[in-house]
Structures are given as structure tokens and as C-alpha cells.
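All remarks here apply to the structure that follows.
The values are calculated or read from the model by the stated rules, or taken from the named source; none is laboratory data. Values in this document were obtained by computation on a predicted structure and should not be read as measured data. Quick reminder, even Gly has a Cβ in these numbers, built from the backbone with ideal geometry, and neighbours come from all protein chains shown.
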Amino acid sequence: MGTSTSQRSPATPEWDRVRELYQQPHPAPGEVVGRIIQALAPDTRQGLHDRAAVACLDTLLWGSAAVADQGLQQFLASLAPVEGPPVIALAAGLRDAATDYISTTRAASRFGELAIDALSNSVLSTAAGEQGLLTVTTAQADADYGRYAREGNLSGLSVQFLSHDFDRVFRYFVSRDLSDFIGSEAFPTVSSSSRMLDEVALYCRRGAQQIDLSSYEDQLQEIVRLAIDDRVQRLQPLAVDGITMGLEVLAGGV
Amino acid sequence: MAVTVVQIEGLPPSVLAIRPGLVEADWQLDWRSPRRNAVCTLTELQAHLPIPLSPLAQDFIDVATAVYLTDIAMRRGRNEGWVRDLELVLPVRCPDFWHAVADQFTRLLQRLTGDNFEFTFYRCGADTTNNNSPTPTTATTDSADCVCLLSGGLDSLAGAVMLLRAGRRPHLVMHYSGNPTVRAAQDYVQQLLAKTWPDRSLFSGVHIAPDTHSPDALLYPEPDEREPSRRGRSLLYMTLSAVGAATAGQEDVYMAENGVLTAALPLTLARTGSLSTRSTHPAVINLFNSLCEQAGWSCRVQNPFIYQTKAELIRDILRPVLSPLDIQKTASCWMTGRANRQCGGCIPCLLRRIAMLAAGLPDEAYMMDLLGDPLPHAGTDAFTNLVDLLNHTTTILAKSDEELLREYPRLLDLARTGVSVSEVIAMLRRHAAEVEQVMTTHFPTPARLLEVL
């Protein structure tokens, strides 16, 4: 315990099988992720698409629709202005909006905390496009982020969110136990563990790209026009499907 | 399932008639009646104030005390069970105010603790002025021009010293610890400031804690059953200082903490959310200041050290006026409350030891020499703390500003508080360089883990 603390994964045979891999040099990220998926308790799986996580997905989609409707400059003004690069202001504003909603609806959770970070990274990746976060113009960020709503590809934006969410969720699972093995032959330095975490992140982001949510596109176009409580409620089935599909892909090897 | 906590003293009988189940709430809190299971002693603070506490100021202290005691009483679960659902039923003197700010207050507490809070406020049923409240005598706070929180730790000492060196006259407010080691550090710091700057500051100690010594005391968890994370305690500290400032008509309230702990980046993703404390995070402070504004108070809590590392506080603020021994008399250890010595393995101990050496002070003795000989501690929480700190150091030094924003999206929370994210990143880089330099110079095994030896 302390000002900063971490907790190891549960002491179950399934999680022990995950930890066995950390005793080997260069464990394959797919195998690590696959064993973690096998180790997840039912309520942990449920938690992956809890109300807080869905609220973060909603905020990402709603933001794109709002930018498409109002333009980024006006949307940023409505979020309460932040000085600095527009993508930073956008990501910070949407992060704040999701956090506020989660707080006032008392939906906070561990996976919600990770999903707030996934929301932020989704905004940073989609709105900055090929340009740098600190240099992208308002017009370019508007075009890159708003196009998901303008071009009827909110399902694609949902996949972007899931890819960042899986990235952070699985790095969270690995980080809980990996530190115990640093200094061993398998992970002699902290850099070796960082490389392992990077490989897990890449594996998850790549795998999530195989999730297909296009059948939800028409519904998504309707949902983003609703009031927030309705949006979150109606996004739940998509989140369940997306997470389920993602876990299947990641468990099967990418 | 939500856990219900009721501040039972002051709850009007009409409420208990409507909600008889409240007497069977998970926990009942009381710090006024003979059945009290907590103590709330404000004697020194109140004696120093020019006028009695207003009803709203008393509400602030009661509500913060209830949150503090609830935070201690309710154990967190492990992993995904860390986040708690808490319902508090509280009698207040100014229910209109609390109803108006309930959502904002919930947001503040969620950001601070990571938990879900729900409040039900009722108008007090009886006079509930603090029964140990002295009649204010001389308005001694007339001689003070600001309030500064003092904990017995190094950073808050630096805050007080900064103010005194600048010619300010702070009213120093301290929440007394029940732990003898921390209390000794608190007493030492208080005497040190009084001796070094005679008649320049005013001191008020406050004691708020669980206390079940009374034979009729309501139940409260035994010490070993209490939650050790204490993520909510800075609400109490901010409240005590703001109430003191508001009552004395002062505007500046200082809660000093170094930039690394203030930015509160998780060292790894396993420390996400409130696993990493946000006790002085600017988003939390801003929300608290907004509450003060709505209360009609002109005081504002501020942390002057968001852009400074702990080593910089020692080198630039403390060392020019205090001896190494004086600085070493402060207490930083998170585990001191449990072990009565600085443990050497918690994050505050690691940061303190590194900061002392980086600032050129002598090394200190700890219960475990984790930095000198870490590998025998593999598999312990202490070892995890060290390697996670080293991992974080590597990340901060290796990545560009843009990559750090993606790795630590929590930095974005600073962007909406008026804090310069680029200056915070620069401070984090200086800190990471201090860690690397101290490992290279003093501790070969961690240096090898960092690949700098």
C-alpha cells in the first residue's frame, strides 16, 4: 500500500498458468493474451463492457457526431475552452465529459478507468491522423475525427476504441504480475519487460482490427442523436458484441 | 452493492421515522454524543479564529469528517473490487447548499478516491455545534496572512519554509497523527519553524480520528480491519485549511506537494485509477475551490510545487536555511503508521531516499535497504514498487512528449486545470534523470536493471 500501489492477479490455477509464461524469455504475446482470457472470471469478463466502459465508447462516438454537426471549433467552445493544440483540447474535453458522466451516474469501475484512457487514445489517434498531436491544425483534426460520423463509419470508430481498450486492459493484466519477474533470467532489465508489454499492446490493437461491427452502423447513426442515458443504454449490446468478438479473436491467435 | 454509512448524531427523529432502516446501516458514525466512535477536536483551530465557525463552515468539517471516517471504515476489494459504492446519509445545517452542490461534490470525491458516492442530506434535527468548541478569544489569525497545511512531511515543510522565507505570516494547520513516530515528526517540524522564524507563524493542530474507547461507543472497524489506502483524506485537509482561511478572511491556502506525486501518473498500468493517489491533483483542487466559491468564500487552495521535484524542494528551498538533520527529522513513509519506522520499500520512502541523495544530502537508514540490495526482496510489494519506479523512469526518458501523452492520458486531466502539461513533462524528465543519476552513483543493482551500468 502507499501513495501508489498495485495488486497481483488472483491466486487461481488459471492465473498461475499465465504467470508461468513470465518465467520464460520472450513469451509469445498471443499465448500470454490467450491464457489471460482463459483465466478471466465471468464477472471480470462482464466488467469489460460495464456501464463506465460503454459511456467512454459513447463519448467518442458522440464527439465525432458533434464535430460533424458543429465543426470542431464550435464543439471545443462548448466543452469549455482549453489553451493549446486542438487535439489536446478535444481529447481533454471528451475525457472530462466521460469522467463527469461516470461520476454523477456512480458507474466508476476499474475497467471504466482503463476505458477513459482508451477514449483519450482513440481521440488522439483518430483526430491527429498522420500529423503530430501538437502540430495538427483545427481544420485537419475536424476532418479526421468528424469523418467517422460524416462518412457513416461510426462502427469503424467503435473498433478503434476497442483496439485501444484491449491494448490497455491486457497491459493492465500483464503489469499486475510481470514486475515480480524483473531481474530474473527471463526479464533481466526493465526494458525487457517494456518490450514485452509493447508486444502485447500491438497484438491487441492488431487483433481488434478484425472486429466487424458494420451491422450496427445504421443503429449507431440513430443512437448518437439521443440523450446520453439512452445512448449509453442502447450502445450496450454493441459493446457486448464487440468485446466478445475481440476476446474470441485474441484468444484464437492473430 | 452500496454500503450505507450514517452520521447518526444530529439526524432528526422524523427522518428515522421515515427511514427506520438507517439505524441498521452498515456503519453509524458519531463524534459528539457519549456513544461516539470518533473524535473531532478543533479546539486549537477555533481558538485562533476571530469569529465562531459559521453553520456552513461546520457543515464542511462534518461532511469531510464523515467522508474521512467512511474511507477508513470501508475495506476495498482486490483488483476489480477496488472501487467502492458508498452511500452517506448526513445531517447538515445548510441542506440547500449541499443539495445544490451534491453532483459537484460527488465528482470531486470520485476523482479523489475513484469510488462511487451517493449523498443524502437532511437538515439537522438539533443544535449540533461542536461541543468542545471554545469561545473565540483574541483574533490571533489577524497576525496571519495565509493558511498552510503542515503534515510533518518534507514537502509541506518546504511549503511553510517557502512562505516564511518570502516574508509571509502563515497560519499553519496540521492534522495530528495518532502514530507516535509521525507525531514526533509533526512536533519537531512545528518547533523547528517556531525556533527558526520566531513569532512569524501561528499553529493549529486538529485531531480527527476513529476513537472507540468509550464503553458505549458505536461499532467501528478495529485497526487491522481498516482500509489503509486513505485516498479521501486530502478532502479533510483541504476543508480544515479552507474553513480556517474563510473564517479569518484570508485568501491563500497552500497545500504543498512535489510535482511527481501531484501529477499522479500511474507507474504502470497496474496502478491505474486511484491505485495512484490524486490527493493534490489540480483537478481535485479546482473542484474543491469551486465548492468554496459557491460557499461564498474567497479562499483558494493552491499547490505551489506542481513543477518541482522533491529533490529540488530540498535543494532550493529547505537546504539554504535548514540543516540536513532538520530535514531528516521529517517523515515521509506510508508504512510508518504501521511499523513505527520508515520502511524503505513504499513509494514515498523510495522517492524520499532518491530525492535526498539527488539533493546532495546524506543517505538515511531504513528498515530495508531495498535500493542497495533489491533482489532478495523479489516477489514482495516493495520490489514491485522499485521495478515499477524504474520502469516509469525508463519510459519518461525514452519517449517524446507526444508518446508520453499517449502512454499517460492522465496528463490530459492537467490540461483543463490551467496547468502547463509541457512544464509538467519537463519536471517529470528532470525527476527521471535524478533517479537515473542516483542509481548510477549509489546503487549498482537497480542501475543494472535500468541498463545504465
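Applying the set (1) buried (at least 19 other Cβ atoms within 10 Å of the Cβ); (2) modelled with pLDDT under 95 to A:P81 leaves exactly one unmet item: (1). Listed by first and then second residue, the pairs linking a residue in segment B:208-220 that is crowded, with 16+ Cβ neighbours inside 10 Å to a residue that is of a type outside the set (D, E, K, R) and part of a strand (DSSP E or B), with Cβ atoms under 6 Å apart and 6 or more places separating them unless they lie on different chains, are B:I208/B:C40; B:A209/B:V39; B:P210/B:A38; B:D211/B:A38; B:D211/B:V39; B:L218/B:Q28; B:Y220/B:P210. Filter segment A:140-158 down to the residues that are of a type outside the set (S, T, N, Q) and outside any helix (DSSP H, G or I) and list them by number. Hits for segment A:140-158 are A:E151, A:G152. What do you reckon, is B:E364 free of Cβ contacts under 8 Å to residues at least 12 places away in the same chain and either away from every other protein chain (no Cβ under 14 Å) or assigned to a helix (DSSP H, G or I) (or both)? No; evaluated as a whole, the condition is false for this residue. Residues in segment A:199-219 include at least one that is closer than 30 Å to B:L397 by Cα and within 11 Å of chain B (Cβ to nearest Cβ). Among the residues of segment A:119-145, the ones that are within 18 Å of the chain's Cα centre (by Cα) and more than 14 Å from chain B (Cβ to nearest Cβ) come to 1 in all.
Every condition in (1) of a type in the set (V, I, T); (2) under 21 Å from B:N116 (Cβ atoms); (3) not in a strand (DSSP E or B) holds for B:V23 except the one numbered (2).
Does segment A:62-76 contain at least one residue that is more than 10 Å from chain B (Cβ to nearest Cβ) and among the β-branched types (V, I, T)? Yes, some residue in segment A:62-76 is more than 10 Å from chain B (Cβ to nearest Cβ) and among the β-branched types (V, I, T). Pairing residues of segment B:188-200 that are at pLDDT 95 or above with residues that are crowded, with 17+ Cβ neighbours inside 10 Å and small (G, A, S), at Cβ distances under 7 Å and at least 6 apart in sequence or on separate chains, gives B:V189/B:G152; B:L193/B:A160; B:L193/B:S201.
When residues in segment A:85-118 are screened for being touching a residue at least 40 places away in the same chain (Cβ under 8 Å), within 19 Å of A:A143 (Cα to Cα) and facing chain B (nearest Cβ under 9 Å), 1 of them pass. Look at B:G81 and say whether it is crowded, with 16+ Cβ neighbours inside 10 Å and small (G, A, S). For B:G81, the condition - crowded, with 16+ Cβ neighbours inside 10 Å and small (G, A, S) - is not met. Entry remark, segment B:381-420: residues being without any contact (Cβ under 8 Å) to a residue 12 or more places away in the chain, over 26 Å from the mean Cα position of the chain (by Cα) and either in a loop (DSSP other than H, G, I, E, B) or more than 9 Å from every other protein chain (Cβ to nearest Cβ) (or both) number 3 in total.
Do any strands (runs of 3 or more DSSP E) entirely within segment B:66-152 hold 2 or more residues that are more than 14 Å from chain A (Cβ to nearest Cβ), modelled with pLDDT under 95 and in contact with an Asp or Glu (Cβ under 6 Å, 6 or more places away or on another chain), and if so, which? Break it down into steps so the answer makes sense when it comes.
Numbers: elements: B:85-92, B:116-123, B:146-150.
Once the strands (runs of 3 or more DSSP E) in segment B:66-152 are filtered for at least 2 residues that are more than 14 Å from chain A (Cβ to nearest Cβ), modelled with pLDDT under 95 and in contact with an Asp or Glu (Cβ under 6 Å, 6 or more places away or on another chain), nothing remains.
Taking the condition touching a strand residue (DSSP E or B) at 6+ places or on another chain (Cβ under 9 Å), at pLDDT below 95 and within 14 Å of chain A (Cβ to nearest Cβ), does B:R233 pass? Taking the combined requirement at face value, the residue satisfies it.
Results for (1) outside any helix (DSSP H, G or I); (2) under 30 Å from B:L370 (Cα atoms); (3) touching a residue at least 12 places away in the same chain (Cβ under 8 Å), shown as yes or no for each residue.
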site: B:R231; (1), (2), (3): yes, yes, yes
site: B:T239; (1), (2), (3): no, no, yes
site: B:T247; (1), (2), (3): no, no, yes
site: B:A283; (1), (2), (3): no, no, yes
site: B:V301; (1), (2), (3): yes, no, yes
site: B:L322; (1), (2), (3): yes, yes, yes
site: B:L325; (1), (2), (3): no, yes, no
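Among the residues making up segment B:28-67, a single one is in contact with a Gly (Cβ under 7 Å, 6 or more places away or on another chain) and acidic (D, E): B:E44. In the set (1) at pLDDT below 95; (2) in contact with a Phe, Trp or Tyr (Cβ under 7 Å, 6 or more places away or on another chain); (3) farther than 21 Å from B:D155 by Cα, B:L371 fails one condition alone, (1).
Filtering segment A:146-185 down to residues that are aromatic (F, W, Y) and more than 12 Å from chain B (Cβ to nearest Cβ), which residue is surrounded by the fewest Cβ atoms within 10 Å (Cβ to Cβ)? Walk me through how you get there before you give the answer.
Step one: of segment A:146-185, the residues aromatic (F, W, Y) are A:148, A:161, A:166, A:170, A:172-173, A:181.
Then drop every residue that is not more than 12 Å from chain B (Cβ to nearest Cβ), which leaves A:148, A:161, A:166.
Numbers: A:Y148: 24, A:F161: 26, A:F166: 29.
It comes out as A:Y148.
Scanning segment B:153-192 for residues that are among the small types (G, A, S) and in a helix (DSSP H, G or I), we see that the one that is surrounded by the fewest Cβ atoms within 10 Å (Cβ to Cβ) is B:A184. Against the numbered list (1) among the acidic types (D, E); (2) under 16 Å from A:Q23 (Cα atoms); (3) not in a helix (DSSP H, G or I), A:D180 comes up short only at (3).
B:L287 fulfils the conditions (1) farther than 25 Å from B:M174 by Cβ; (2) part of a helix (DSSP H, G or I) except for a single criterion, (1).
Each row is one residue, and each column tells you yes or no for (1) outside the structural domain of B:D388 (by TED's automatic domain parsing); (2) surrounded by 18 or more Cβ atoms within 10 Å (Cβ to Cβ); (3) within 26 Å of A:I182 (Cβ to Cβ).
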position	(1), (2), (3)
B:R406	no, yes, yes
B:L412	no, yes, no
B:V421	no, yes, no
B:V424	no, yes, no
B:L428	no, yes, yes
B:E434	no, yes, yes
B:Q437	no, no, yes
B:T445	no, no, yes
